[in-house]
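The values are calculated or read from the model by the stated rules, or taken from the named source; none is laboratory data. Fair warning: this is a prediction, and the values are worked out from it, not measured in the lab. Virtual Cβ from ideal backbone geometry, glycine too; neighbours counted across all protein chains shown. For the accessible areas, the whole protein counts, side chains as well, though only heavy atoms, and no ligand, DNA or RNA atoms are used. Shrake-Rupley method; radii C 1.70, N 1.55, O 1.52, S 1.80 Å.
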Amino acid sequence: MNKKQAVEYGLTKNGAYLDFPFVGNDYAVIKIKNDKTGKNRIFAEIFSLGELDMLTFSADKDLTINLRNQYPDKIKKGYHCPSVQAQYKSSLELTQFDDITIKQFIDLSYSLAKVKLKIK
């Protein structure tokens, strides 16, 4: 899966929208918003790191630790994440996993964002 495909998949999620909060348009952030509260939450960050196409996604603390232990050379602490978020956010190179697994990571992160925003 490449960056464009990852962004396109993330945008298939109900309520998902694309944002570029950082300088340039090479760091895509996909968010959802709770229309009742006005709060939004990032569930996928898709960007280039040198020549590598990357994904940053969220999971609960225990799963984050398990994934990093299961794939120590592939899943790392979230790139560009403050230390307080590092226990929840992980980054990976898109080409190191098959499309189905990448979609599962995006789905997981989307589901967590919905729970945090109290969206059914």
- Message: Please give the Cα centre distance for segment 95-114 versus segment 1-15, rounded to the nearest Å.
- Response: 10
- Note on the structure: Using alpha-carbon coordinates alone, the radius of gyration and Dmax of the chain in Å work out to 13.4, 41
- Under a plain spin-label model, where a point goes 7 Å from the Cα along Cα-to-Cβ, how far apart in nm are Ser83 and Gln70? 2.8
- Item | Dipole magnitude of the chain about its Cα centre (Cβ charges: Lys, Arg +1; Asp, Glu -1), debye to nearest 20 | 740
- Query: Based on DSSP H runs of at least 4 residues, each adding -39500 (n - 2.57), what is the mean residue ellipticity at 222 nm of the chain after dividing by all its residues, to the nearest 500 deg cm²/dmol?
  - Reply: -9500 deg cm²/dmol
- With x for Gly and Pro, the residue-by-residue ³J(HN,Hα) of segment 88-97, computed from phi through the Karplus equation 6.51 cos²θ - 1.76 cosθ + 1.60 at θ = phi - 60° and given in whole Hz, is 10, 10, 10, 10, 8, 7, 4, 6, 7, 10
- Message: Please report the carbon-and-sulfur percent of the accessible area for the chain; probe 1.4 Å, protein heavy atoms only, DNA, RNA and ligands left out.
- Response: 51
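Can you give the accessible area per residue of segment 27-120, in Å², using a 1.4 Å probe? Could the numbers behind the result be given before it?
On the way: 5360 Å² over 94 residues.
Accessible area per residue: 57 Å².
Checking understanding here: applying a Kyte-Doolittle mean of at least -0.5 and a length along the axis of at least 15 Å (C-alpha), which whole DSSP H helices in the chain pass? Working shown, then result.
Numbers: long enough: 99-117 (27 Å, 0.42).
Helices meeting the criterion: 99-117.
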- Message: On the principal axes of its Cα set, how long, how wide and how thick is segment 62-114? Give whole Å, largest value first.
- Response: 29, 29, 20
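Once the other residues with Cβ under 10 Å from the Cβ of Lys116 are scored (Lys, Arg +1; Asp, Glu -1), what is the net sum?
Details: positive: Lys39, Arg41, Lys114, Lys118; negative: none.
Net of charged neighbours comes to +4.
Take each of the peptides 11-18, 44-51, average the number of other beta-carbon atoms within 10 Å over its residues, and list them starting from the highest. Display every interim value, and only then the final one.
Numbers: 11-18: 13.9, 44-51: 16.5.
Final packing ranking: 44-51, 11-18.
Count the net charge of all other residues whose Cβ sits under 11 Å from the Cβ of Ser58, scoring Lys and Arg as +1 and Asp and Glu as -1. Spell out each step's value before the answer.
Values: positive: Arg41, Lys61, Lys89, Lys116; negative: Glu45, Asp60.
In short, +2.
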